[in-house]
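This is the structure I want to talk about, given as structure tokens.
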């Protein structure tokens with residue numbers, strides 16, 4: 001059974017690439033990344049995905065925060 005890390009804990013199930021590609025709720029942007037990265041080394045892709053997630057989370061936090 002696949003495991004996926006989410007905010008410091010592991011879940012019992014994670015969708016496969018095929019599951020995400022056929023899911024109508026998944027954005028076209030994510031599907032494009034999945035198709036492009038499917039041929040990459042999975043360790044490199046996972047490392048890049050974590051780094052990308054950190055950068056985008058920081059960007060989102062900055063976009064919704066304000067100074068008083």
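Would you please list the contacts, defined by Cβ atoms under 9 Å and residues six or more apart or on different chains, that run from a residue in the range 32-57 that is touching a residue at least 60 places away in the same chain (Cβ under 8 Å) and at negative phi to a residue that is in a loop (DSSP other than H, G, I, E, B) and exposed (fewer than 10 other Cβ atoms within 10 Å of the Cβ)?
That search, which allows pairs on different chains as well, returns nothing.
Now, a different point. On the basis of being at pLDDT 95 or above and surrounded by 11 or more Cβ atoms within 10 Å (Cβ to Cβ), does residue 48 make the cut?
On the way: at pLDDT 95 or above: yes; surrounded by 11 or more Cβ atoms within 10 Å (Cβ to Cβ): yes.
Yes: the conditions hold for residue 48.
Please find, within the range 25-45, the residue that is modelled with the lowest pLDDT out of those that are in a loop (DSSP other than H, G, I, E, B) and under 17 Å from residue 15 (Cα atoms).
Taking the range 25-45 as the starting set, the residues that turn out to be in a loop (DSSP other than H, G, I, E, B) are 25-27, 38-41.
Pick out the ones that are also under 17 Å from residue 15 (Cα atoms) and you get 25-27, 38.
Details: 25: 97, 26: 97, 27: 97, 38: 92.
Checking each candidate, the answer is 38.
The values are calculated or read from the model by the stated rules, or taken from the named source; none is laboratory data. Note that the coordinates shown come from a computational prediction; the quantities given were computed from them, not determined experimentally. Cβ: placed from backbone, ideal geometry, glycine included. Neighbour counts: every protein chain shown.
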